[in-house]
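Some notes on the structure that comes next.
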Amino acid sequence: VQLQASGGGLVQARGSLRLSCTASEDTPDIHVMGWYRQAPGQQRKFVASVTKGESTDVADSLTGRFAISRDNAKNTIFLQMSSLNVDDTAVYYCYSRRHRFATTYWGQGTQVTVSS
């Protein structure tokens with residue numbers, strides 16, 4: 001499966017941004033889809049995930065500001081980010097997998113830059 005992420009860009013602090021990620025096909029490998037992010041000099045960190053049944057999980061530190069959703073008909077997920085701050089600056093990577101211990105597929109990453 002191939003994943004295509006989009007929607008990144010430059011946004012001012014306290015602004016909002018929505019990322020999208022579309023899978024090339026509907027397979028069991030996209031049962032779970034979500035996002036990680038990686039800031040310069042840091043490890044990649046979990047952001048949020050959503051299953052085909054639309055069960056969601058958001059990192060504790062981002063709950064209330066970030067929300068994830070899914071359109072199964074389009075094999076697409078969305079990450080709505082609000083009240084952004086400079087610490088949210090990172091490359092955001094879309095991923096998919098069948099389940100927690102299965103192979104992870106990664107998208108190409110999309111840069112989000114928040115200016116103060």
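The values are calculated or read from the model by the stated rules, or taken from the named source; none is laboratory data. Not measured: the values here are computed from a predicted model. Every residue, glycine among them, receives a Cβ derived from its backbone with ideal geometry; neighbour counts consider all protein chains shown. With ligands, DNA and RNA removed, areas are computed over all heavy atoms of the protein, side chains included. Shrake-Rupley method; radii C 1.70, N 1.55, O 1.52, S 1.80 Å.
Calculate one ³J(HN,Hα) per residue across the stretch 98-115 by plugging θ = phi - 60° into the Karplus curve 6.51 cos²θ - 1.76 cosθ + 1.60, and present them in order as whole Hz with x for glycine and proline.
Calculated HN-Hα couplings, in order: 6, 7, 4, 9, 8, 4, 9, 9, 10, x, 7, x, 9, 7, 10, 10, 10, 9 Hz.
Quick query: amide H of residue 15 versus all other amide H atoms, modeled in the peptide plane; which residues come in under 5 Å with a sequence gap of 5 or more or a different chain?
Excluding prolines and chain starts, which carry no amide H, the hits are 84.
Using Cα springs under 10 Å in a Gaussian network model of the chain, which residue among 57, 87, 29 shows the largest mean-square fluctuation?
Of 57, 87, 29, the Gaussian network model singles out 87 as fluctuating most.
How far apart, in nm, are two points set 7 Å out from the Cα along the Cα-to-Cβ line at residue 52 and at residue 14?
4.3
For the chain, build the charge dipole from Cβ charges (+1 Lys, Arg; -1 Asp, Glu) around the Cα centre, then report which of 24, 80, 116 sits farthest towards its positive end.
Sorting the options by dipole projection puts first 116.
Roughly how many debye, to the nearest 20, is the charge dipole of the chain about its Cα centre, given +1 on each Lys and Arg Cβ, -1 on each Asp and Glu Cβ, and no other charges? Please report the intermediate quantities before stating the final value.
Details: 12 positive and 9 negative charges, 21 e Å.
Dipole of the chain, to the nearest 20 debye: 100 debye.
GNM, the chain, Cα, under 10 Å: largest mean-square fluctuation among 62, 79, 19?
Maximum fluctuation in the GNM of the chain, among the listed residues, is at 62.
With a 1.4 Å probe and all protein chains left in place, how much accessible area per residue does the chain have, in Å²? Let's see the in-between values first.
Values: 6230 Å² over 116 residues.
Value for the chain: 54 Å² per residue.
With a 1.4 Å probe and all protein chains left in place, how much of the accessible area of the chain comes from carbon and sulfur atoms, in whole percent? Before the final figure, lay out the partial values.
Details: 2790 of 6230 Å².
Result for the chain: 45 percent of the exposed heavy-atom area is carbon or sulfur.
Tell me, what ³J(HN,Hα) does each residue in the stretch 63-75 have, in order and in whole Hz, if you take phi through Karplus 6.51 cos²θ - 1.76 cosθ + 1.60 with θ = phi - 60° and put x for Gly and Pro?
Rounded to whole hertz, the list is 4, x, 10, 10, 9, 10, 9, 8, 10, 5, 5, 10, 6.
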